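I have placed the structure first, in the form of structure tokens, so that the comments after it can refer back to it.
The values are calculated or read from the model by the stated rules, or taken from the named source; none is laboratory data. Please read all numbers here as calculations on a predicted model, not as lab measurements. Using ideal geometry, Cβ is built from the backbone for each residue, glycine included, and neighbour counts are taken over all protein chains shown. To get the accessible areas, we keep the full protein, side chains included, count just its heavy atoms, and leave off ligands, DNA and RNA. Shrake-Rupley method; radii C 1.70, N 1.55, O 1.52, S 1.80 Å.
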Amino acid sequence: GSPVLPEVAGGDPPPITPKHLALKARLDHRETFDTAHDLMAFVLPRAPLQWQGLEENVRPRDDKVSRGQFRDAVSSYFESRYRGEFCDVKWFDEPDELDVLVVHGKHLQTILREHMGQEAPLTFHELRTATLRYNAATGLLKVTGEDDRDKNQLKDLFARHILKQPKFFDHADSQNLYSRDPVTQAGPRFVLRRGADDSLLRWAIREIQFD
């Protein structure tokens with residue numbers, strides 16, 4: 001690995017916070033910082049919306065034209081909604097799935113800061129991330145973002161430009177992903193178990209539908 005902070009000879013080193021390390025890494029080790037930032041966007045626990053496609057084994061387009069169309073459409077959407085002027089799309093072709101990272105600006109905000117001993121305003125667009133993870137073998141798409149509106153829009157744009165099937169995730173059962181049978185059979189004794197899935201960090205029942 002690369003040392004982020006130089007060693008201090010003699011005495012106790014000054015207190016260092018994670019923000020100090022992140023800033024130092026970004027200034028002096030930009031490639032390492034960007035790689036870690038991209039990874040954390042997929043690793044940090046965030047509640048995705050999930051859709052099951054119409055069929056399995058639908059391969060995503062990986063040509064420059066299709067990806068460029070998706071990038072332009074996503075950029076136009078976020079610029080229209082948040083009035084930001086920055087949007088970047090990164091592609092990660094994994095063995096079992098296609099991962100997409102979108103970095104975009106949010107609404108303009110102003111905070112007060114100290115500048116040369118005086119109070120001064122600072123106006124900026126905060127950068128936020130959204131992710132898409134598509135498994136072609138199963139047809140399952142997982143999308144994270146600021147809210148459900150963003151997630152649904154990203155889903156639609158992905159289906160239109162990358163799968164070339166605009167209605168691929170819009171069928172009636174696209175979000176009926178899990179069965180209630182274990183709950184029905186166990187009744188009050190039902191317990192959520194992680195089993196052998198070490199990637200499952202937490203769980204919660206968000207919604208229950210009764211037919």
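Is the C-alpha gyration tensor of the stretch 33-95 telling us rounded, prolate or oblate? Criteria: a/c under 1.5 is rounded; beyond that, a/b larger than b/c is prolate, otherwise oblate. Write out the running numbers ahead of the final one.
Values: a/c = 1.44, a/b = 1.14, b/c = 1.27.
Rounded, because the longest to shortest axis ratio a/c is under 1.5.
Springs between Cα atoms under 10 Å define the GNM used for the chain, and in it the highest mean-square fluctuation of Ser76, Ser66, Ser179 occurs at Ser179.
Within the accessible area of the stretch 41-87, what % is carbon and sulfur when the probe is 1.4 Å and the other protein chains stay in place? Numbers along the way, then the final one.
Details: 1350 of 3000 Å².
About 45 percent, which is the carbon plus sulfur part of the accessible surface.
In the structure displayed, which of Lys106/Lys167; Lys64/Lys106; Lys106/Lys164; Lys64/Lys155 lie more than 24 Å apart, Cα to Cα? Among Lys106/Lys167; Lys64/Lys106; Lys106/Lys164; Lys64/Lys155, the Cα-Cα distance tops 24 Å for Lys106/Lys167; Lys64/Lys106; Lys106/Lys164.
DSSP bridge analysis restricted to the chain gives an antiparallel fraction near 100%, rounded to the nearest 5.
Magnitude of the charge dipole for the chain, about its Cα centre and with charges confined to Cβ atoms of Lys, Arg (+1) and Asp, Glu (-1), is about 360 debye.
Among Thr32, Thr144, Thr131, the largest mean-square fluctuation in a Gaussian network model of the chain, built with springs joining Cα atoms closer than 10 Å, belongs to Thr32. Taking all protein chains into account, the per residue accessible area for the stretch 19-132 stands at 67 Å² (1.4 Å probe). Counted by Cβ distance under 15 Å from Thr17, the other residues give a net charge of +3, where Lys and Arg count +1 and Asp and Glu count -1. Within the stretch 67-174, the percentage of alpha carbon pairs spaced more than 18 angstrom apart rounds to 53%.
Rounded to the nearest 500, what is the chain's calculated 222 nm mean residue ellipticity when only DSSP H runs of at least 4 contribute -39500 (n - 2.57) each, over all residues?
So the helix-based figure for the chain works out to -9500 deg cm²/dmol.
Working from label points 7 Å from Cα in the Cα-to-Cβ sense, the Glu126 to Phe190 distance is 3.6 nm.
Residue-normalised convex hull volume from the C-alpha trace of the chain: 229 Å³ per residue.
I want the local charge near His125. Using Cβ-Cβ distances under 14 Å, sum +1 for each Lys or Arg and -1 for each Asp or Glu among the other residues.
Details: positive: Arg81, Arg83, Lys106, Arg128; negative: Glu79, Glu85, Asp88, Glu126, Glu146.
My count for the surroundings of His125 gives -1.
Arrange the residues Arg67, Arg133 by how much accessible surface each exposes, largest first, with a 1.4 angstrom probe. Please list the in-between numbers first.
Values: Arg67 35, Arg133 80 Å².
Output order, biggest surface exposure first: Arg133, Arg67.
So if we plug the beta-carbon distance of His20 and Arg202 into 1/(1 + (r/R0)^6) with R0 = 30 Å, what FRET efficiency do we get, rounded to 0.05? Efficiency, rounded to the nearest 0.05: 0.55.
Inter-label distance, His29 to Val183: 4.5 nm, where each label sits 7 Å from its Cα along the C-beta direction.
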